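Before any comments, here is the structure.
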Amino acid sequence: MRIEGKEYRTIWFEKDLVKIIDQTKLPHKFIVKELKTLNDAVNAIKTMEVRGAPLIGATAAYGIVLAIKESNDLDFIKKSSEKLVNARPTAINLQWAVHRMNNKLSFVNPGNLFDVALKEADEICNEDINFCKNIGLNGLSIIEKIYNKKKNSVNILTHCNAGWLATINWGTATSPIYHAYKKGIPVHVWVDETRPRNQGANLTSFELNEEGIPNTIITDNTGGILMQRGEVDMCIVGTDRTLSTGDVCNKIGTYLKALAAHDNNVPFYVALPSSTIDWETKDYNEIPIEERDAEELSYIEGKDDKNNINKVLIYPEKSKSMNLAFDITPAKYVTGLITEKGVCEASTNGLKKMFKQ
Ligand code: MRU
């Protein structure tokens, strides 16, 4: 997708280096950052210079390529894989990508490890782009149906950033929106601000603006009244891990939006590539929920009137705060899962039928 009219991917390999768009600097600064070592990749994931489930998976894959550049000793690659998997605990794509890379590398001659790893990391990215494109086409038919009935702009609420910045291109939740817009269907997006890191305001609104898609930022508490007033036609969110039961783990606050949608008969869809499905875990209480530094709540960063980026404390100095990064939306509140293969019920049967596992 585009930034100032120029097409970008969120991550690419160029001249022996990995390049990323530093998402901690958006929307006020657009900076392409180079990752030269395994530790650079681990750090980029931890500090959320890259974030979003598919993108952290892709970064981990390239992280293994960078590790092999440092040493093709198998023990080093194994330890590097562990470091990458532990960088963030919740999104399953991280483990999925690291396992896929390691499977590909087993039985490869040491001299060929780098080439094979780079090819596989590129493949993970290309596959994700295709999957996200298909998620878009599958979700488009849902938006089209609403438009054909309503004959007026379709209002879609989304939470956090499950846009192209969270993937390699297209996004998951935003892909149907981009496809609808390109087809001439009028759409408007309610963008949840998504405290504390404001991925909705800083990233989703930013990327929609760059594509010319009408959107309005709302506080995380506004969605409920908009639904009561009939001003939300559907919700589409992303996910960091969806269980084979159809239970959805996503950015903190998703659950409350799903409850409000359920109470107001607003369809609540979750968009995901199959790399985000956790086929092993059966009980959502076993999903590791990341708890991040409480300072992410108490400090806020923004641009002042002299165009300087400043960080300020917004809470009483003595107050304690707590920062859980994800929550669970039980399958019963999910209208459907929009995947690269089609739209299915959020249930063991629905997922089994769709993926024949
Ligand atoms: O903490 P983040 O910004 O990595 O969280 C991102 C989300 O919650 C997204 O909704 C999810 O990763 C899906 S990305 C297509």
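The values are calculated or read from the model by the stated rules, or taken from the named source; none is laboratory data. Just so we're clear, the structure is a prediction, and the values are computed from it rather than from any experiment. For neighbour counting, all protein chains shown are included, and Cβ atoms are generated from backbone atoms with ideal geometry for every residue, glycine included. Areas reflect the complete protein model, heavy atoms only, side chains present, ligands, DNA and RNA absent. Shrake-Rupley method; radii C 1.70, N 1.55, O 1.52, S 1.80 Å.
Per-structure values
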{"item": "Among the residues listed as Glu301, Glu296, Glu280, the single one being more than 20 Å from Gly163 (Cα to Cα) and assigned to a helix (DSSP H, G or I)", "result": "Glu296"}
{"item": "Yes/no for Thr219 being of a type in the set (S, T, N, Q), under 20 Å from the mean Cα position of the chain (by Cα) and over 30 Å from Ala97 (Cα atoms)", "result": "yes"}
{"item": "First in region 5-19 and at positive phi, second anywhere and buried (at least 17 other Cβ atoms within 10 Å of the Cβ), Cβ under 9 Å, 6 or more apart", "result": "Gly5/Glu210; Asp16/Lys69"}
{"item": "Test result for Lys119, touching a residue at least 40 places away in the same chain (Cβ under 8 Å), assigned to a helix (DSSP H, G or I), within 22 Å of Thr10 (Cα to Cα) and open to solvent by 50 Å² or more (accessible area, probe 1.4 Å)", "result": "no"}
{"item": "Of the criteria (1) farther than 20 Å from Ala325 by Cα; (2) surrounded by fewer than 24 Cβ atoms within 10 Å (Cβ to Cβ), which one Val65 fails", "result": "(2)"}
{"item": "Residue within region 160-177 that is within 24 Å of Ile56 (Cβ to Cβ) and more than 12 Å from the ligand (Cβ to nearest atom) present", "result": "yes"}
{"item": "In region 246-274, residue nearest to Asn161 (Cα to Cα) [restricted to those that are open to solvent by 40 Å² or more (accessible area, probe 1.4 Å) and either part of a strand (DSSP E or B) or within 16 Å of the ligand (Cβ to nearest atom) (or both)]", "result": "Ile252"}
{"item": "Number of the condition not met by Gln95 [criteria: (1) farther than 21 Å from Ile287 by Cα; (2) within 16 Å of the ligand (Cβ to nearest atom); (3) among the polar types (S, T, N, Q); (4) surrounded by fewer than 22 Cβ atoms within 10 Å (Cβ to Cβ)]", "result": "(1)"}
{"item": "Positions within region 231-250 being within 19 Å of Pro176 (Cα to Cα) and touching a Pro at 6+ places or on another chain (Cβ under 6 Å), in sequence order", "result": "Met234"}
{"item": "Those residues of region 191-245 which are part of a loop (DSSP other than H, G, I, E, B) and under 20 Å from Thr90 (Cα atoms), in sequence order", "result": "Thr194, Arg195, Pro196, Arg197, Asn198, Gly238, Thr239, Asp240, Ser244, Thr245"}
